[in-house]
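The block underneath contains the structure these notes are about, expressed in structure tokens.
The values are calculated or read from the model by the stated rules, or taken from the named source; none is laboratory data. Quick caveat: nothing in here was measured; it's all calculated off a predicted structure. Reconstructed Cβ throughout: ideal geometry from the backbone, glycine too, with neighbour counts over all protein chains shown. For the accessible areas, the whole protein counts, side chains as well, though only heavy atoms, and no ligand, DNA or RNA atoms are used. Shrake-Rupley method; radii C 1.70, N 1.55, O 1.52, S 1.80 Å.
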Amino acid sequence: MASRDQHGIHPPFADADGKRRFGVIGKPLRKVDGIAKATGQAVYADDIQLPGMLHAKTLRSPHAHARIVRIDTSRAEALPGVHAVITGRSMPIPYGVIPWTPDENALAVDRVRFIGDEVAAVAAVDEDTANAALELIDVEYELLAVYLDPVEALENCTDAIHPNPKRPERGNLSKRVELDFGDVADGFERADVIVEDDYTFHGTTHTAIEPHCAVATYSPDKLLTLWSATQITHYVHRALARVLELPAHSIRVIQPCLGGAFGGKSDPFSLEFCVAKLAMITGRPVKMLWTREEVFYAHRGRHPMRLHYKTGATKDGKVTAVDAKILIDGGAYSSFGLVTTYYSGQLLTGPYDFPAYHYDSTRVFTNKPPCGPKRGHGSVQPRFAFEVQLDEVAEALAMDPIELRRANWQGEHTKTVNGQRITSNGFMQCLAEVERASRWKERRGKLPFGRGLGVAGSMYISGTNYPIYPNDMPQAGIQLKVDRSGLVMAFTGGNDIGQGSNTVVRTIVCEELGLEPDMVRVVAADTDLCPVDLGAYSSRVTFMVGNATIDAARKLRHQIAGAVAAEWEIDPGRIFMGSGQVFDLEDRAKCISSMEAFQIAEARCDTLGSTGAYNTPTLGGDYRGGTIGASPAYSFTAHAVEVQVDVETGRITVDNCWIAHDCGRALNPMLVAGQMEGSAYMGLAEAVLEHHDVNRFGLHAGPSLLDYRIPTSVDTPELHALIVESLDPEGPYGAKEAGEGPLHPSIPAISNAVFDAVGIRLRHLPFTPGKVLAALRERRAAETAVGSAKESV
Amino acid sequence: MGAPDAVAVAGCTDLMVVDTATGRRHGAVVDLQRLPELAGVRDDGGWIDIGAAVSFSQLRREALVAEHAPILVQAAATIGGWQIQNRATIGGNIANASPVGDSLPVLLALGAELVLASSSGERRVSYADFHRGYRETVLEPGGLIVRVRVPHALPDQFQGFKKVGTREAQAISKVVVALSARRVEVGGQEHLADVRLGAGAVAAMPIRLRRTEALLEGAPVGADTATRAAREARAEVNPIDDARSTARYRAHVLGRVVRRLVGDISA
């Protein structure tokens, strides 16, 4: 399959002097939609207004766990202005983004599982009427036992949240994965030092600035069109066909401009099914825009985890074995939970060499908003625990934390203990960069009390070869159309969610065909117009869509260069395409515009166009789940952070964060730096401010941006993006991911910096002022005890 | 304002959020923002006289306020963000009577008084007597806050303000404290007089820390006094646990903030 070909790390052309130089790759080109977004002209889902459009709202459960005895919608239906009311019975077929765990319904059929779960939906002439109608829907509930604590949910299950008549013994168990690699017992036997501790990662959510929104129309010829703020058009398309019982070819899904997602728009959501169904019932366009409060209920944010780690190391700092036991609080539904449970163990085996590794991860259902994938899916939590533990190992061995990490580096072109293939690996350079930039050697351990430096490292996938539903088709497809005007249109199923994937596509087409940026336009994420791409998740887009784009563009280039060479009666090797021109390398007088070249090619070869695709090579360990977390390339990151701890208020202020990230090659360094800064910002927020939680009744503790705190501009530290380029042999021009990896180290690096600043170990997130003060008190008490013991001696 | 369930509004920065979240409805909503009687800041013989509908942005720009009540300018700058400060008014902050209103401890510390109006006429009340309990005030139904009056600063008057929020901006206070005191020299040593200490987020309403004030009154300026005041302040409040903080943390931080503010007098 051509799509499996690798394209190499070089630009497509050699210059006249034989040197290879990039035209646009590596340049900080503006985003394709930058000006439209800055001027307010970009069209988001909520900007779509259609003639006769109705507005829909959702009735949500006021109970954390209950059986629905009866729903009476007659009073709501009778309200003037109401066009349709639907309940779970209107769409009873369950779905789930992971095909093995279809445990969600568009609207609850017979059971609600958290406060905020969707029960009914109303389409009316306006939102106020729809809201008024919701109050007229009568629902009778029978209350069930509520599980808010994962241990309680597992051990004392009387009313299973997802009853499984065939296997009632599963209770509230969602997924368990236990895997063993190497000889763990021997590893601990060989260790000179063993550190063992508990760590807590709290819940956090995405807080994309755009709330979820969907608009649907149903035409008289039975075409359903859905515009949705989704980051995975293809999975929404599949889920709609299943739940609405429509042939997939009569459904069109379009993603308009998206105002951020971070994993929070990866699942198919209730509102997408509801507007579709309501449009089919009423024959009118229907829109639903969730309020900020509703977005908090929809959640799919980072799973809270209780983590226990044990690490053994030799005197020279080499890790001998790692053992982990992880309890994952999944919330009310499976979502991506199967993958989360694997990721919590699978993605830890780099950038350090583990000779032996065992993990045991258990995901549990609870009556809380469902957790799912958030930037750094499933691996940010274990990374936090492990990188703090590594710091404790360094402390026990009186070793510099950076040196300890160097001592354990796994190297390039190697295999991890759990069978993952590692290709390029720039982690050592990342460590060197943050060591230099933070002036680590001069300052770490030497700053005045209250100020400190901390370090942490990580790795992350550039996409995965696990395609959610098993199939042998390409993971990324693209189509190029060449116009006589000189324009090239690129049609990609890739979802640009603000990360700039359309800009990457345009840049690659320009590079390969020697065009200026304004000669290429991108149409993306429209299932009628674009070939399938699996969407914006797992940091797969640059790697996979990028490779597919090179594939398609090189096919076109051969065609065009061949046609022009034939026209000029020269060898095609002499044709050079660049800056919107095509010329003969040996006779610069022979020079035409790209447009003229396209016309020559069209005359000789007929209408011009090409397709390109990418699929991962066969990867992963030979065991059940071995392909989950197997990626064609891994990115690597190191952070150093500088903090101040106010011992009076207990507040941690992060002053500087140095982010060194190996992204293979920065196709657009401005976009890469943006992803690095945004990631570190998000990690910082999770460390010191955010907390997604419910109260003792299961009600969300603060579903607003006032009470759910993310940092404002004045809370944000100086972020220093240090790009490291390791040039991956299989990435497009050597590129790997940059969107999620750079988040991981920021949280443990802050904990480690606090240790340097005031000598306390923060193992339980979030690092609130109260926890800091309590830890300082404990430390003081311990010191006083030691002091008085010494005195009494 | 005669309509049943009528509510008077100015910037609406709190009311609209609460109404939207709770579905609360009013018989009538009366906008006060353009009333000339509630506008402007003027000098009135020993007092600065601030219209109840003056926004926090305007307060931040007023030279008179900066001269006589610098901590009111400081407090105005910590409320919400710029957009909130453009709409929110000082009268609204008072009438809303939230225990965490950021300008309220400042008005307590400055010894402000309010001009209240109703169909039965105008009256003046000391701001220290205005709050009665959780979101409960002496304002009669249908009554309005018309003006907020703050005495001119004295040459020997110290003013201090500190807010501990959950983040640097757009945050609700965990603890907010304002201090005003005169420095009087007695026998070559500076002593405190006319001490007023206002605190927010530590009780059901903004309060003066009377016991701490009594301790500070006549006390010598210095670190020792600051430490004793911190202890007294922690002991005299009884804050609550909520989504933003815990009682224990609030009492602890109140003490630290009082110590820092009293300590700043000698700085």
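Residues being touching a residue at least 40 places away in the same chain (Cβ under 8 Å), within 14 Å of chain B (Cβ to nearest Cβ), open to solvent by 10 Å² or more (accessible area, probe 1.4 Å) and at negative phi are entirely absent from the range A:611-627.
If you go through the range A:131-170 and keep only what is over 27 Å from A:ALA120 (Cα atoms), surrounded by 17 or more Cβ atoms within 10 Å (Cβ to Cβ) and over 30 Å from the mean Cα position of the chain (by Cα), you end up with just A:CYS157. Scanning the range B:177-191 for residues that are assigned to a strand (DSSP E or B) and open to solvent by 10 Å² or more (accessible area, probe 1.4 Å), we see that the one that is nearest to B:ARG244 (Cα to Cα) is B:ARG182. Only one of (1) in contact (Cβ under 8 Å) with a residue 24 or more places away in the chain; (2) closer than 21 Å to A:MET399 by Cβ is not met by A:TYR469, so which one is it? Exception for A:TYR469: condition (2). Kindly establish whether B:ALA203 is away from chain A (no Cβ under 14 Å), in contact (Cβ under 8 Å) with a residue 60 or more places away in the chain and over 19 Å from B:LEU110 (Cα atoms). Against the criterion (away from chain A (no Cβ under 14 Å), in contact (Cβ under 8 Å) with a residue 60 or more places away in the chain and over 19 Å from B:LEU110 (Cα atoms)), B:ALA203 qualifies. Evaluation of A:GLU642 against the conditions (1) out of contact with any helix residue (DSSP H, G or I) (no Cβ under 6 Å at 6 or more places or on another chain); (2) more than 14 Å from chain B (Cβ to nearest Cβ); (3) over 26 Å from B:LYS163 (Cβ atoms) shows that the sole unmet condition is (3).
Taking B:GLU190, is it outside the structural domain of B:ALA112 (by the TED database) and acidic (Asp, Glu)? For B:GLU190, the condition - outside the structural domain of B:ALA112 (by the TED database) and acidic (Asp, Glu) - is met.
A single entry from B:ASP264, B:ASP242 fulfils the requirement of being within 11 Å of chain A (Cβ to nearest Cβ), at negative phi and surrounded by fewer than 22 Cβ atoms within 10 Å (Cβ to Cβ): B:ASP242. Can we say A:LEU226 is among the hydrophobic types (A, V, I, L, M, F, W, C), modelled with pLDDT of 95 or more, in a helix (DSSP H, G or I) and surrounded by 24 or more Cβ atoms within 10 Å (Cβ to Cβ)? No; evaluated as a whole, the condition is false for this residue. Taking the range A:268-371 as the region of interest, the helices (runs of 4 or more DSSP H) fully inside it that hold 1 or more residues being open to solvent by less than 10 Å² (accessible area, probe 1.4 Å) and closer than 18 Å to A:GLY419 by Cβ are A:337-346. Residues that are small (Gly, Ala, Ser) and loosely packed, with under 11 Cβ neighbours inside 10 Å were ranked within the range B:1-34; the one that is nearest to B:ALA117 (Cα to Cα) is B:GLY2. The set of residues in the range B:210-239 being open to solvent by less than 40 Å² (accessible area, probe 1.4 Å) and within 17 Å of B:SER173 (Cα to Cα) consists of B:VAL237, B:PRO239. Residues in the range A:706-720 that are facing another protein chain (nearest Cβ under 8 Å) and either assigned to a strand (DSSP E or B) or touching a helix residue (DSSP H, G or I) at 6+ places or on another chain (Cβ under 9 Å) (or both): A:LEU706, A:ARG709, A:PRO711, A:ASP715. Each residue in the range A:689-705 was checked for being open to solvent by less than 50 Å² (accessible area, probe 1.4 Å) and either closer than 17 Å to A:MET459 by Cα or within 14 Å of chain B (Cβ to nearest Cβ) (or both), and 8 of them qualify. A:CYS605 meets all of the listed conditions (1) more than 14 Å from chain B (Cβ to nearest Cβ); (2) in contact with a Phe, Trp or Tyr (Cβ under 9 Å, 6 or more places away or on another chain); (3) surrounded by fewer than 24 Cβ atoms within 10 Å (Cβ to Cβ) but one, namely (2). Only helices (runs of 4 or more DSSP H) wholly contained in the range A:379-464 count here; list those with 2 or more residues that are within 25 Å of the chain's Cα centre (by Cα) and at negative phi. Helices (runs of 4 or more DSSP H) meeting the threshold: A:380-396, A:427-437. Taking the range B:119-176 and the strands (runs of 3 or more DSSP E) fully enclosed by it, the elements with 2 or more residues that are in contact with an Asp or Glu (Cβ under 6 Å, 6 or more places away or on another chain) and more than 14 Å from chain A (Cβ to nearest Cβ) are at B:121-126, B:144-151. If you go through the range B:245-258 and keep only what is more than 10 Å from chain A (Cβ to nearest Cβ) and out of contact with any strand residue (DSSP E or B) (no Cβ under 7 Å at 6 or more places or on another chain), you end up with B:ALA247, B:ALA251. Of the residues that sit in the range B:147-175 and are open to solvent by less than 20 Å² (accessible area, probe 1.4 Å) and at pLDDT 95 or above, which one is farthest from the chain's Cα centre (by Cα)? Within the range B:147-175, the match that is farthest from the chain's Cα centre (by Cα) is B:ARG147. Identification of strands (runs of 3 or more DSSP E) wholly contained in the range A:55-153 with 3 or more residues that are closer than 30 Å to A:PRO304 by Cα yields A:66-72, A:118-124, A:138-143. Any residue at all in the range A:55-72 that's of a type in the set (Gly, Ala, Ser), open to solvent by less than 20 Å² (accessible area, probe 1.4 Å), closer than 27 Å to A:CYS213 by Cα and touching a Gly at 6+ places or on another chain (Cβ under 8 Å)? Yes: one or more hits.
Yes/no per residue for (1) closer than 30 Å to A:GLY40 by Cβ; (2) open to solvent by less than 10 Å² (accessible area, probe 1.4 Å); (3) of a type in the set (Val, Ile, Thr):
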residue	(1), (2), (3)
A:ALA216	yes, yes, no
A:LYS222	no, no, no
A:THR230	yes, yes, yes
A:THR233	yes, yes, yes
A:ARG238	no, no, no
A:LEU258	yes, yes, no
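Looking across the range A:631-654, the residues that are in a loop (DSSP other than H, G, I, E, B) and touching a Phe, Trp or Tyr at 6+ places or on another chain (Cβ under 7 Å) come down to A:PRO632, A:ALA633. The set of residues in the range B:245-261 that are closer than 13 Å to B:LYS162 by Cα and either surrounded by fewer than 18 Cβ atoms within 10 Å (Cβ to Cβ) or among the basic types (Lys, Arg) (or both) comprises B:ARG256, B:ARG259, B:ARG260.
Any residue at all in the range A:758-768 that is farther than 19 Å from A:GLN389 by Cα, open to solvent by 10 Å² or more (accessible area, probe 1.4 Å) and within 14 Å of chain B (Cβ to nearest Cβ)? Within the range A:758-768, one or more residues are farther than 19 Å from A:GLN389 by Cα, open to solvent by 10 Å² or more (accessible area, probe 1.4 Å) and within 14 Å of chain B (Cβ to nearest Cβ).
For the range A:78-97, the candidate set comprises residues that are buried (at least 19 other Cβ atoms within 10 Å of the Cβ) and of a type in the set (Val, Ile, Thr); within that set, the residue that is nearest to the chain's Cα centre (by Cα) is A:VAL97.
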